[in-house]
Amino acid sequence: LSPLAVGKGLHLRHDTCAMTSVDLRARWFPVAAGSDLPFRHVCHAELLGQELAVWRADDGYVNAWENRCLHRGVRLTLGNNLGDALKCQYHGWTYASRTSGCTYIPAHPENAPARLICNKVFPAVERYGLVWSRLEGDDSMDAMAELEGVSPLALRGIPVKVPAARVVDALAGDGAERLSDFMLRLRDIGLVLLVQPVNDARSIIRGVVHGVAEADRIAVLRRHNERLSGVRDRVE
């Protein structure tokens, strides 16, 4: 395995509203669905050019870290979720849930790692069936009135090989109401769409539906997946 050069936050610009990279880095975006974090899994996510290792500990706590081991820079998403820590696959350095502090270095098993050896941690909040993060700021996330409801159903994320602004324009052209620069709504079917800016050239369409009966969930997921896949095919 070779070392990883992790990308920095990139400057994105909306067609109708320019924002600085600092503005975007402080904003909350969905980076995964809750279903993307099954038992002992590590999810590879990316936001504004920053790669993330997103994982759920056995106690339910969701972590979002910079996706690199501090030893040789190998992606932590290639490693093992131990339930209370992540273990790098390359040389076995191990990092604790919540703090990201290094707890074990195989080359020095008799010595406790220095307390300052900690991976970079980003805020992570699981809400509305999605995992949200931001690159700057604390973990206090305000409620989103547009997404408040009973038993929200998160759709499968649809990766798109075009910038987020173009995806938002395409969704608006498809009849969605713009709620903000990266959020839209189809009021008649109770669907809120969110566009995750992966980097300057890629994005992910995510969605949350309310009021879906348990028996109808698979059919609803399939229908929206086909519709959003069609949007992707058109803009790409």
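Taking every C-alpha pair closer than 8 Å and separated by at least 6 residues, the mean separation divided by the residue count of region 83-154 gives a relative contact order of 18 percent.
At an R0 of 22 angstrom, the distance between the Cβ atoms of residue 142 and residue 82 translates into a FRET efficiency of 0.10.
For a quick protection proxy, order the peptides 199-211, 72-84, 143-155 by their average other-Cβ count within 10 Å, most packed first.
Listed from highest to lowest mean packing, they are 199-211, 72-84, 143-155.
Between 184, 149, 167, the Cα set farthest toward the positive side of the dipole of region 145-193 (charges on each charged residue's Cβ, about the Cα centre) is that of 167.
Express in nm, to one decimal, how much length is gained between residue 39 and residue 121 on full extension, taking 0.36 nm for each residue of separation and deducting their alpha carbon distance. The span from residue 39 to residue 121 would gain 27.5 nm if fully extended.
Work out the FRET efficiency for residue 219 and residue 61 from their Cβ-Cβ distance, taking R0 = 45 Å, and round it to the nearest 0.05.
0.85
Helices in the chain, meaning DSSP H runs of at least 4 residues, each add -39500 (n - 2.57). Divided by all residues, the mean residue ellipticity at 222 nm is -4500 deg cm²/dmol. Assuming charge only on the beta carbon of Lys and Arg (+1) and of Asp and Glu (-1), the dipole of the chain about its Cα centre is about 560 debye to the nearest 20.
Taking 7 Å steps out from each Cα toward its Cβ at residue 91 and residue 162 produces label points 4.5 nm apart. Angle of helix 217-235 to the longest C-alpha principal axis of the chain, folded into 0 to 90 degrees and rounded to 10: 90°. Computed on the chain, with alpha-carbon pairs under 8 angstrom and 6+ residues apart, the relative contact order is 17 percent. Across all directions, the shadow cast by the convex hull of region 98-227 built on its C-alpha atoms averages 11.4 square nanometres.
Just want to confirm a number: the relative contact order over region 123-163, from Cα pairs under 8 angstrom separated by 6+ residues, in percent.
Answer for region 123-163 is 38 percent.
Can you list the equivalent-ellipsoid semi-axes of the chain, largest first and in whole Å, using the square root of 5 times each Cα gyration tensor eigenvalue?
34, 20, 15
No lab work stands behind these numbers, since they all come straight from the coordinates. Note that the structure is predicted; figures quoted are calculated from it, not measured. Virtual Cβ from ideal backbone geometry, glycine too; neighbours counted across all protein chains shown.
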